[in-house]
Every structure is written in structure tokens, then in C-alpha cells.
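Structure, as C-alpha cells:
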Amino acid sequence: QVQLVESGGGLVQPGGSLRLSCTASGSIFSTYATGWYRQAPGKQRELVARISSTGLINYADSVKGRFTISRDNAKNTVYLRMNSLKPEDTAQYYCNIQTSIRAYWGQGTQVTVSS
């Protein structure tokens, strides 16, 4: 069974930065794509950034140029560096691994951007 544990969320002022981390248990991490999603109150969960097993990356248009996703397969960890944060980035952020059979999700970490 794969478990994902996120960390790094918190309260930050507009224009600030945070780095989220997500560490996976088990041995499948390096085999599959992994990504970050977010869900704000009253809104659907949306893709923020995704990185394939071979390093191909895509970002939501709303975060391009501000967020950077990376992965360290030796540590079974995916990161999301978030710069120039805006109030509209406020959401619960979830880590995801998508296999050919199912998706795995973490419990989420809250990011709040407010002055």
C-alpha cells in the first residue's frame, strides 16, 4: 500500500514563498508520474503541476513562471516550490501518484496567502 505524506504548507503573505514536500512509502514512486493538485473552498480540485517518471513537466497556466515542481527518486519525494504567491493560490494542496490502475492521494496540506 502506498502512502503519501505532504508537508510545508502554512500562512504566507502575498508575494511570499513556500516549498511543499511529499514523500511516498513503498517502491513505486520512481515508476510513475507524480503531481500536485489543489482545491479551494467551493471549487473543484485542479491540477497545479505534474512531473512524469522521465522528467516531463506541465503546469497550470495560473502558476507558470511562479511554481516549480521537482522530484528526487532516491528520496521518494516530490517538491513544489511556490514563489510570488497570490491570495488566489490559497487552497488545500494534495500530492498524487497516478499508476495504470489507480491514483494515490495524500491527506493534503493547507496553503493560505493573506496579509
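The values are calculated or read from the model by the stated rules, or taken from the named source; none is laboratory data. Note that this is a predicted model, so its numbers are computed, not measured. Cβ sites come from the backbone with ideal geometry, for glycine too, and all protein chains shown count toward neighbours. Just so you know, the surface numbers come from the protein's heavy atoms only, side chains and all, with ligands and any DNA or RNA stripped out. Shrake-Rupley method; radii C 1.70, N 1.55, O 1.52, S 1.80 Å.
Quick one, what does Rg over Rh come out to for the chain if you take C-alpha atoms and the Kirkwood Rh?
For the chain, the value is 0.95.
Where the only charges are on Cβ atoms (+1 Lys, Arg; -1 Asp, Glu), what is the dipole of segment 1-80 about its Cα centre, to the nearest 20 debye?
The dipole magnitude comes to about 100 debye.
Once you list every other residue whose beta carbon is under 13 Å from the beta carbon of Ile57, what net charge do they have if Lys and Arg are +1 and Asp and Glu are -1?
Once positives and negatives cancel, what remains is +4.
Pairs of alpha-carbon atoms within less than 8 angstrom and 6+ residues apart define the contacts here; what relative contact order does the chain have, in percent?
37
Around Tyr79, under 10 Å between beta carbons, what's the net of Lys plus Arg minus Asp minus Glu among the other residues?
Here the count lands on +3.
Specify the residue with the greatest mean-square fluctuation among Leu80, Leu20, Leu56, computed from a Gaussian network of the chain linking alpha-carbon atoms under 10 Å apart.
Highest fluctuation of the listed residues: Leu56.
If I compute solvent accessible area with a 1.4 Å probe over the protein chains, what percent of it on the chain is carbon and sulfur?
47
Any idea of the accessible area per residue across the chain, 1.4 Å probe, to the nearest Å²? Please list the in-between numbers first.
Working: 6050 Å² over 115 residues.
Value for the chain: 53 Å² per residue.
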